[in-house]
Amino acid sequence: MEMKVMNEKVLKTLEFTKIIDRLKELAGSAIGKEKCADLRPVSDLEEIQTLQAETAAALNRIYRKGSLSFSGIHDIRASIKRLEIRSTLGMGELMHISSVLTASEHVKQYGEQSEGEAEDALSERFRLIEPLRNINREIMRCILSEDEMADDASAGLKSVRRSIKVANEKIRDQLNSIINSQDNKLILQDNLITMRDGRYCIPVKSEYKNSFSGMIHDQSSSGSTVFIEPMAVVKLNNELKELAIREQEEIEKVLEALSQMLFNETNELKYNIDTIAEFDFIFARGTLAKIMKASEPKFNDRGYLNVKRARHPLIDAKKVVPIDITLGGDFSMLVITGPNTGGKTVSLKTVGLFTLMGQAGLHIPAFDGSELSVFDEVYADIGDEQSIEQSLSTFSSHMKNTVSILKEANEKSLVLFDELGAGTDPTEGAALAMSILNFLHNRDIRVMATTHYAELKLYALSTPGVSNACCEFDVETLSPTYRLLIGIPGKSNAFAISKKLGISEEIIAMAESYIGTRDKSFEDILGGLEKNRLETESALREAEALKKEAFDLKTKWEEKQRKLDAARDRVLAEANEKAAKILQETKDYADESIRKLNKLAMSGQNMRDMELERSSLRDKLNEKNAGLGTSQVKKKKAAKTPAEVKVGDDVHVLSFDVDAKVLTLPNPKGELYVQIGAMRTQVTLKDIELIEKKEEEVPRAKTGAGSIARDKQMHISPECNIIGMRVDEAMPIVDKYIDDAYLAHLPQCTIIHGRGTGALKTAVHAHLKKLKHVKEFRLGNFGEGDQGVTIVVFKEK
């Protein structure tokens, strides 16, 4: 069913009619274009989901099989009605039916699915198409064009046309003999044969018309020539006329026979033409979705919208800026502020147009997973609708629309206001706008409104269920970015823009003095919020970069561990195999030796031979034991107990085969965190070995400098971590750490700056180049922290 009160005005205001025009261009047939032109949004959730499923199925088939052509298909609905009353169709009508049946054949073949292929919303309709192949073949055999029937259409027609051919030849022979006769040279105007009223004639000079035997049928405009049917061919012409009548009778018989074949197939013809028209309409929707790179939106009836990376379909795809919009979740009303031409109105139109398109079964140009709500009505007061004929000002015109909206809108409506309350005194306009918004908000109506009034920003900040949004503006370039930022009120940039354009400081300062303290404080707060937002976004980007770096390192370590485990398993397997082989050989040799000893003892041989055999057996066993010894795997050292490991201890991580520093004490499960280069990771006590520190004798201090150096050496860390800091924060820390490390006589140290945006790394390298006591520096190798750390080597003192 169509939307209950959907007004045609909003379709034009939100430019839905332009989408329909694009859709009509993509349909191939006249009846398909009719369906496109009649497309309107619907408000039944189940019907919307059906329409969306059809569009999705068409788009999927277009991607898999290419487009389906519907051009050249005629509207045969009038012919079907004639068949229902048993009327005979003409050749043109039958040709049009044939074109539909041929198209039905192509459509059915296109819709065929391979075995195991999943069915979609169109599969059943494809299967039910009946191309009536036999009847179509018969029509094409009998009718060559809309005004020509084949000779072989019937035996009677073929016989008559053969007779007509013979009669024509006789007449031409007779007339040729007349015009070629020497006796008629002076009488004839031209030596040619012509037709008048379906009868063969020859041109005779007017002055000889009474002397030439025959029937006059016509004369030239000048009167100098008359066209006479010679008496010699009158009888033959009469015969030809009779044959022409018989030919028409035979044609009528063929047309009647073909029509009778279709009398009982009207239901199939109706289904075919209706289905083809519907497919033309559906595939036009699918093609439009492909062109717009659109996706199928989800629908709900809760008044919740969430469109991701939405692009207005009527703006150039190379220029449009995607926006994210949500409404109906934490807030049911959105107040958008920002500069003129900054994208506020486009944001309103995008939400309204997406709602209309989605409820009409069209996909929307947004990311997959976007969600829309079903609304019974969409109201929009957008643009300058001043009416000269009605003597209404801009404000009056907008108020007239607003009055109508306030009367008709309910909780199932979506209301869009552009510059609500504009066009009158700012104080009164702002008060009126707040009152209107509050009235709609109390009725739980979904509303989006744009404004320049600071009072509406405060209203949104202080009212539950109402949120601010703004269109971002770049003061440096004096241009909008067209990004919609939800949750942030827009800041007035009038002073900044004016100053950038050349207005003097004196005038700007005077203008600022005219602004109330409260208004200025509010703008300062907004400025602070904007600064914090930009810093937060920058920090978020850096955090994402660090997260990616940590993930990459983790992946590399896991791959290395996997290879180590595989190598260990391979070595153990080879050792076990070798040991088993040695043991088997030893057992076989021992068994053989025992048999020999028993044989010697039973035969009474002397003890010297038996001793030699035992000596040989011992040598062989010792040889095999030596072989087993070379295959033994080195045992791991005993794991340290929690009491033995302290924060700051240097340990060796067995699974990674790298050294690390302990960051936390073990938990009851024996798990603790260690620092491996720039990566912080969790290990177990069983996976680490404590690295024994060699105690070096510290010489007695003789000077203050030596005391400082020893103190530095005892407390200085071999690495400095500045991840997460800004450049201006990090550089003093790096400078002090380098001095301390050099005084502590460290041969080298590590500065951990992470990958991130590269700003910290660049600043650190630039600073190191200036220090005289730095011999060289380089980025870390694999296992040292890779690109996330810089290794600094000091000059020897």
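Descriptive notes on the structure:
- Listed by first and then second residue, the pairs linking a residue in region 406-425 that is closer than 26 Å to Leu45 by Cβ and among the basic types (Lys, Arg) to a residue that is open to solvent by 10 Å² or more (accessible area, probe 1.4 Å) and assigned to a loop (DSSP other than H, G, I, E, B), with Cβ atoms under 7 Å apart and 6 or more places separating them unless they lie on different chains, are Lys412/Asp376.
- Residue match in region 32-45 (condition: surrounded by fewer than 19 Cβ atoms within 10 Å (Cβ to Cβ), within 20 Å of Asn264 (Cα to Cα) and in contact (Cβ under 8 Å) with a residue 40 or more places away in the chain): no
- Region 584-595 - residue that is modelled with pLDDT under 75 and not polar (S, T, N, Q) and, of those, least open to solvent (accessible area, probe 1.4 Å): Ala590
- Top-ranked residue of region 640-656 - restricted to ones that are out of contact with any Asp or Glu (no Cβ under 8 Å at 6 or more places or on another chain) and in a loop (DSSP other than H, G, I, E, B), ranked as modelled with the highest pLDDT: Asp649
Each row is one residue, and each column tells you yes or no for (1) surrounded by 16 or more Cβ atoms within 10 Å (Cβ to Cβ); (2) free of Cβ contacts under 8 Å to residues at least 12 places away in the same chain.
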site: Asp147; (1), (2): no, no
site: Asp151; (1), (2): no, yes
site: Ser154; (1), (2): yes, no
site: Glu169; (1), (2): no, yes
site: Gln189; (1), (2): yes, no
site: Gly198; (1), (2): no, no
site: Ser206; (1), (2): no, no
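- Residue match in region 80-100 (condition: under 37 Å from the mean Cα position of the chain (by Cα) and touching a residue at least 60 places away in the same chain (Cβ under 8 Å)): yes
- When we screen Val254, Val233 for residues that are farther than 18 Å from Ile171 by Cβ, assigned to a helix (DSSP H, G or I), among the aliphatic types (A, V, I, L, M) and in contact with a helix residue (DSSP H, G or I) (Cβ under 6 Å, 6 or more places away or on another chain), the only hit is Val254.
- Verdict on Leu690 being at pLDDT 75 or above, in contact with a strand residue (DSSP E or B) (Cβ under 7 Å, 6 or more places away or on another chain) and open to solvent by 50 Å² or more (accessible area, probe 1.4 Å): no
- Once region 208-229 is narrowed to residues that are open to solvent by less than 50 Å² (accessible area, probe 1.4 Å) and aromatic (Phe, Trp, Tyr), the residue that is modelled with the lowest pLDDT is Phe212.
- Number of positions in region 20-72 that are within 25 Å of Asp368 (Cα to Cα) and of a type in the set (Gly, Ala, Ser): 7
- Residue in region 100-114 that is open to solvent by less than 30 Å² (accessible area, probe 1.4 Å) and either touching a His at 6+ places or on another chain (Cβ under 7 Å) or within 22 Å of Ile228 (Cα to Cα) (or both) present: yes
- Taking first residues from region 8-25 that are among the hydroxyl-bearing types (Ser, Thr, Tyr) and partners that are at pLDDT 90 or above and surrounded by fewer than 14 Cβ atoms within 10 Å (Cβ to Cβ), no Cβ contact under 7 Å between residues at least 6 apart in sequence or on separate chains turns up.
Per-residue answers, yes or no, for (1) of a type in the set (Ser, Thr, Tyr); (2) part of a helix (DSSP H, G or I); (3) surrounded by 19 or more Cβ atoms within 10 Å (Cβ to Cβ); (4) at pLDDT 95 or above:
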{"position": "Glu411", "(1), (2), (3), (4)": "no, no, no, no"}
{"position": "Glu419", "(1), (2), (3), (4)": "no, no, yes, no"}
{"position": "Gly423", "(1), (2), (3), (4)": "no, no, no, no"}
{"position": "Ala431", "(1), (2), (3), (4)": "no, yes, no, no"}
{"position": "Met434", "(1), (2), (3), (4)": "no, yes, yes, no"}
{"position": "Asn438", "(1), (2), (3), (4)": "no, yes, no, no"}
{"position": "Asp444", "(1), (2), (3), (4)": "no, no, no, no"}
{"position": "Val447", "(1), (2), (3), (4)": "no, no, yes, yes"}
{"position": "Glu455", "(1), (2), (3), (4)": "no, yes, no, no"}
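- The residue list Glu695, Glu784 contains one member that is at pLDDT below 85, surrounded by 13 or more Cβ atoms within 10 Å (Cβ to Cβ) and charged (D, E, K, R), which is Glu784.
- Residues of region 734-755 that turn out to be open to solvent by 30 Å² or more (accessible area, probe 1.4 Å) and within 23 Å of Ala660 (Cβ to Cβ), as a count: 4
- All of Lys270, Lys241 fail the test of being open to solvent by 50 Å² or more (accessible area, probe 1.4 Å) and in contact (Cβ under 8 Å) with a residue 60 or more places away in the chain, apart from Lys270.
- Condition met for Ser159 (in contact (Cβ under 8 Å) with a residue 24 or more places away in the chain and either crowded, with 18+ Cβ neighbours inside 10 Å or of a type in the set (Ser, Thr, Tyr) (or both)): no
- Scanning region 663-682 for residues that are modelled with pLDDT of 85 or more and buried (at least 19 other Cβ atoms within 10 Å of the Cβ) yields Pro666, Leu672.
- The single residue among Leu348, Leu356 that is open to solvent by less than 10 Å² (accessible area, probe 1.4 Å), of a type in the set (A, V, I, L, M) and modelled with pLDDT of 95 or more turns out to be Leu356.
- Boolean, Glu252 is out of contact with any strand residue (DSSP E or B) (no Cβ under 7 Å at 6 or more places or on another chain), open to solvent by 30 Å² or more (accessible area, probe 1.4 Å) and under 30 Å from Arg82 (Cβ atoms): yes
- Spans of helices (runs of 4 or more DSSP H) in region 84-182 with at least 3 residues modelled with pLDDT of 90 or more, in contact with an Asp or Glu (Cβ under 8 Å, 6 or more places away or on another chain) and within 29 Å of Asp274 (Cα to Cα): 91-111, 133-142
- Residues that are surrounded by fewer than 21 Cβ atoms within 10 Å (Cβ to Cβ), touching a helix residue (DSSP H, G or I) at 6+ places or on another chain (Cβ under 8 Å) and in a helix (DSSP H, G or I) within region 457-477 comprise just one, Leu458.
The values are calculated or read from the model by the stated rules, or taken from the named source; none is laboratory data. Predicted, not measured: the structure shown is a model, and the values here were computed from it. Here the Cβ is made from the backbone with ideal geometry for all residues, glycine too, and neighbour counts use every protein chain on show. Surface accessibility is based on the protein's heavy atoms, side chains included, excluding ligands, DNA and RNA. Shrake-Rupley method; radii C 1.70, N 1.55, O 1.52, S 1.80 Å.
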